[in-house]
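Just so it is clear, none of the values below were taken in a lab; they were calculated from the coordinates. Given the structure is predicted, the values throughout are model-derived calculations rather than measurements. Every residue, glycine as well, gets a Cβ built from its backbone with ideal geometry; the counts of neighbours run over all protein chains shown.
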Amino acid sequence: MRMVFRWFGEGNDTVTLEQIRQIPGVEGIVWALHDIPAGEAWPMERIIEVRDQALRYGLHVEVVESVNVHEDIKLGLPSRDLYIQNYIDNIKKLATVGVKVICYNFMPIFDWARTDLHKETEDGSNALFFEKDKIHGIDPLELVSSITRNSALTMPGWEPERLSQLTQLFQAYREVTAEDLWDHLAYFLEAVIPVAEEHGIRMAIHPDDPPWSIFGLPRIMTGADSVRRLLSLVDSPSNSVTMCSGSFGANPANDIVSMIGEFHEQIPFAHIRNVKVFDNGDFIETSHRTQDGTVDIAGVVKAYHEHGFTGYCRPDHGRHIWGEQCRPGYGLYDRALGIMYLWGVWDALEQARAGKEVSS
């Protein structure tokens, strides 16, 4: 297991590279050029700049999250070929600085959705919260306003250039079905996967967050069946999955441990986080500790350990604790605590394995 940490760039993150390198076992950053609109080519000098910034602190840049997919590709419009070519060019550029994994998603319009970014919990911390009934009654524009309000930092998945076209996008998706979206994903993958494989990069799709339809928009990466279908679209080691225990785990019907067992060879990148799911379908993000949520985090780590996982892993969203002022879900303190919990489980499994080998 190779531990990495998401970083949004100089001037766009409350967490510094100096702080990241002090977290035990963290070897690299998970990064992107967040100011470049989806579909555009990334300037090579900017890519090199981030690579050099990380190297100064002994960190690598082997995981990118995300090279966003333009909506025209998801919609299957004739203009998609231009944006796919830009995507291919970005893959080639990223390979030159040592990128091994590109995490991406294929969610229409919204990459993720929450109804409260600072829900107060019993211990006084705050966390990202999803109220299922509220999402059915809220106007999408109201949700956008609540998520982007008073934010001096970019919100991944809620980029201004996309949200400014919200009404038009909803109109465009009105006739797009889930089967259409699968067809458009297949078209995209058939074009980019051969290039990624040639350049030693694994394209790792992120599950839908949450893993069900919102605002009537189709969502297709929701559980084990969808992962099987994805992997059948293009037979290549570069066609792979970002296994996010929090996104899939928002639906308790998803058995994350079982999914790791089935798909471990196609998981180059893991997001490990916990959520507490309530009986009415609401969920809140918790600490990484197994007992604090619905996801068996200890079991998740054990599954990776049993299958000899050598891919990249990052603690996903954390709570806001100790008065930290940060991008929602992306502070330093709780994510660092999460890393140490994950390492604790991993190290205990390593010790147990060593003892078993000695005794045998």
So how long is each side of segment 58-125 along the principal axes, counting just the alpha-carbon atoms, biggest first, in Å?
-> 49, 40, 11
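With a 10 Å Cβ neighbour count serving as the proxy for reagent exposure, in which order, fewest first, do ILE220, ILE102 appear?
Values: ILE220 22, ILE102 28.
Lowest count first: ILE220, ILE102.
List the trypsin sites (Lys or Arg not before Pro) in segment 36-84 that DSSP assigns to loop (not H, G, I, E or B) and whose Cβ has at most 14 other Cβ atoms within 10 Å. Which are they? Don't skip to the end; give the middle numbers.
Details: sites: ARG46, ARG51, ARG56, LYS74, ARG80; in loops: ARG56.
Counting only loop positions with at most 14 other Cβ atoms within 10 Å, the trypsin sites (Lys or Arg not before Pro) in segment 36-84 are ARG56.
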According to a simple spin-label model (label point 7 Å from Cα along Cα-to-Cβ), what is the distance in nm between THR177 and PHE215?
-> 2.3
Under the Kirkwood approximation applied to all pairs of distinct alpha-carbon atoms, what is the hydrodynamic radius of segment 1-136 in Å?
-> 17.0
Spread of Cα-to-Cα distances over 10 Å intervals beginning at zero, given as percent, for segment 302-360 = 20, 38, 24, 13, 4, 0
Fewest to most neighbouring Cβ within 10 Å: what's the order for ASP111, ASP52, ASP316?
-> ASP52, ASP111, ASP316
Relative packing of 269-280, 14-25, which averages over residues the other C-beta atoms within 10 Å, highest first = 269-280, 14-25
Give me ASP81, ASP13 ranked fewest to most by other Cβ atoms within 10 Å of their Cβ, as a rough exposure proxy.
-> ASP81, ASP13
Within segment 185-257, list the chymotrypsin sites (Phe, Trp or Tyr not before Pro) lying in a DSSP loop whose Cβ has at most 16 other Cβ atoms in a 10 Å radius.
-> TRP212, PHE215
Counting DSSP beta bridges with both partners in the chain, what percentage is antiparallel, nearest 5?
-> 25
